[in-house]
Amino acid sequence: MTSIALITGANKGIGLATARELGALGWTVLAGARDDSRGQRAEKELQGAGADARFVRLDVTDEESITAAARWIEAEYGRLDALINNAGIARGDGWAAKPSRTTLATLREVYETNVFGVVAVTNAMLPLLRKAQAARIVNVSSEVGSIASSTHPASPLYPMASVPYPSSKTALNMITVMYAKELSDTPIKVNAANPGYCATDLNGRTGFRTPEQGAEVSVYLATLPPDGPTGQLWGDLAMTGDDQGYGMLPW
């Protein structure tokens, strides 16, 4: 039986690379995107690469859009084997982006997508995930949300002093833990992915990792075996100041 994954923000960057990699593994990939033209373009690109891909109109900040997507998936497929909450934005107030210059408007905008959107989508898709044999939930987070790394003097993250994006990922990490605890008596595993500093539109393509390398982390967590971990922040270790490669990051 073919596995089915919904990926939010799948029209570009890490999300599109994740869809491509899962498609290459034989998965059916549902590419969520809020823009019809970009979503349809991603669908064609994925299908051209041989993936069984469908575009799903999904704006994670719009509850009606989320509900409609869940209903469509239920009607078309009846279940989900993986939900990858990949959609995310980064905003700052001014070049320095200091905490003292943070506006509530910016904070609300970032949290709508990176935090509230994840909860809304997960809750809407959870009934479909429960219908799978052993579903996986992957929340695409970031090392910048790790309080331990951000306060470690040896970490490259130590000089960072921005509020909106890092704090949204810290919140997402806690959300991941709470869902993992609620679902601990089920076959569903919930983990946060750290793709590392990848070159995407989110950071002006300044990252030293590729979107494909970032996608490896989400794909790994979406395809965990039955004895795999749950309730962890797992992925690239380059920015922790302690190690290289992949592994569990500190909260």
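The values are calculated or read from the model by the stated rules, or taken from the named source; none is laboratory data. As the structure is a computational prediction, the values presented were derived from the model and not from experiment. Note that each Cβ is placed from the backbone with ideal geometry, even for glycine, and that neighbours are counted across all protein chains shown.
Does residue 172 satisfy the condition of being modelled with pLDDT under 95 and closer than 17 Å to residue 248 by Cβ? Let's see the steps before the verdict.
Details: modelled with pLDDT under 95: no; closer than 17 Å to residue 248 by Cβ: yes.
The answer is no for residue 172.
When the residues of segment 203-222 are narrowed to those that are surrounded by fewer than 17 Cβ atoms within 10 Å (Cβ to Cβ) and not in a helix (DSSP H, G or I), which ends up modelled with the highest pLDDT?
Once the filter is applied, the top-ranked residue is 210.
Need at least 1 residues that are at pLDDT below 95, touching a strand residue (DSSP E or B) at 6+ places or on another chain (Cβ under 6 Å) and acidic (Asp, Glu) per element, so show me which strands (runs of 3 or more DSSP E) inside segment 51-161 make the cut, counting only ones lying wholly within it.
On the way: elements: 52-57, 82-85, 136-140.
Per the criteria, no element qualifies.
Return yes when residue 19 is at negative phi and modelled with pLDDT of 95 or more and no when it is not. I'd like the intermediate steps shown before the answer.
Working: at negative phi: yes; modelled with pLDDT of 95 or more: yes.
So residue 19 fits the description; yes.
Report every pair of residues separated by at least 6 positions or lying on different chains whose Cβ atoms are under 8 Å apart, first residue within segment 37-48 and more than 14 Å from residue 18 (Cβ to Cβ) and charged (D, E, K, R), second at pLDDT 95 or above and not in a helix (DSSP H, G or I).
Close Cβ pairs satisfying both conditions: 38/11; 41/11; 43/31; 43/53; 43/54; 43/55.
Go through (1) in contact with a His (Cβ under 7 Å, 6 or more places away or on another chain); (2) buried (at least 23 other Cβ atoms within 10 Å of the Cβ) and name the single condition residue 168 misses.
Going through (1) in contact with a His (Cβ under 7 Å, 6 or more places away or on another chain); (2) buried (at least 23 other Cβ atoms within 10 Å of the Cβ) one by one, residue 168 breaks only (1).
From the list 73, 84, 4, exactly one residue is closer than 20 Å to residue 172 by Cβ, surrounded by 17 or more Cβ atoms within 10 Å (Cβ to Cβ) and not polar (S, T, N, Q). Which is it? Full working, then the answer.
Working: 73 fails: closer than 20 Å to residue 172 by Cβ; 4 fails: closer than 20 Å to residue 172 by Cβ.
Testing whether each residue is closer than 20 Å to residue 172 by Cβ, surrounded by 17 or more Cβ atoms within 10 Å (Cβ to Cβ) and not polar (S, T, N, Q) leaves just 84.
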